[in-house]
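Working notes for the structure below.
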């Protein structure tokens, strides 16, 4: 099997991040992996976090709720509302973390394109402000609570930037 | 400038294809504005305008070397922008690798079910 292409991340405009990733599967399958709770719990979540609750009503006007737990016992929750759900090629939702470490709601547009049986996923995250976009990945949440795990080097590097 | 403003200046400067091309050329050595303008179908003032944006973002510096004032690429803002993007990769890539395995499993299951269904028909 061909090795999947690496993840691409780009900043767009003042408030957007665009993430592109190829998957060795038809887009129906990728779409279902994003919208079926039994499947979502098997892969979704930042490093060292596990999805323990996943509720999903995948249609326009519907919503979702994830709760994730870290080995340390820390929890975080995400609540989202779907604006558009077009199987198998497009999902648009607004979402917010319980702890709101993204500086307000984010608008997430997830588009799936299929080429020769492979899927190209393009996920665009629109933040509420430039500061939110630029600072979100330095939060302890995004770094998988590294603060609590002695990975001080990364934290120091972040602070020194 | 704080980190957010610096990143903003870097990404804004990199958003233009001519400016990316200028940086790509400077990556292999310092060049004067004239030398830079040569391969582009652009006037020297137009190139100078792009250079100003790159200078403001700290991506290019101009040293005083008599009349020449060569342009020099500064790698630090690019490194900073890359480190920042790296955090996003670090956040998402492990999830997507799990998704890769899940998709592979689902597909082999589907193939298996298909073979079984065909077998029953016979």
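All of the numbers you see were taken from the coordinates with simple rules; none came from a lab. Values in this document were obtained by computation on a predicted structure and should not be read as measured data. Here the Cβ positions follow ideal geometry from the backbone for every residue, glycine too, while neighbour counts run over all protein chains shown.
Of everything in the range A:38-50, what is more than 7 Å from chain B (Cβ to nearest Cβ) and surrounded by 18 or more Cβ atoms within 10 Å (Cβ to Cβ)? Give them in sequence order.
Selection gives A:40, A:49.
Do you know which residues across the range A:1-13 are touching a residue at least 60 places away in the same chain (Cβ under 8 Å) and at the interface with chain B (Cβ under 7 Å from one of its Cβ atoms)?
The one that is touching a residue at least 60 places away in the same chain (Cβ under 8 Å) and at the interface with chain B (Cβ under 7 Å from one of its Cβ atoms): A:11.
When residues of the range A:31-47 are filtered for being touching a helix residue (DSSP H, G or I) at 6+ places or on another chain (Cβ under 8 Å) and closer than 13 Å to residue B:95 by Cβ, how many remain?
10
Assuming residue A:72 fulfils every condition listed in (1) touching a strand residue (DSSP E or B) at 6+ places or on another chain (Cβ under 6 Å); (2) more than 9 Å from chain B (Cβ to nearest Cβ) apart from one, which condition is it?
That leaves (1) as the condition not met.
Within the range A:80-98, count every residue that is outside any loop (DSSP other than H, G, I, E, B) and buried (at least 17 other Cβ atoms within 10 Å of the Cβ).
Matching residues across the range A:80-98 total 9.
In the range A:14-37, what residues are more than 8 Å from chain B (Cβ to nearest Cβ), in a loop (DSSP other than H, G, I, E, B) and under 30 Å from residue B:14 (Cα atoms)?
Listed by number, the list holds a single entry, A:15.
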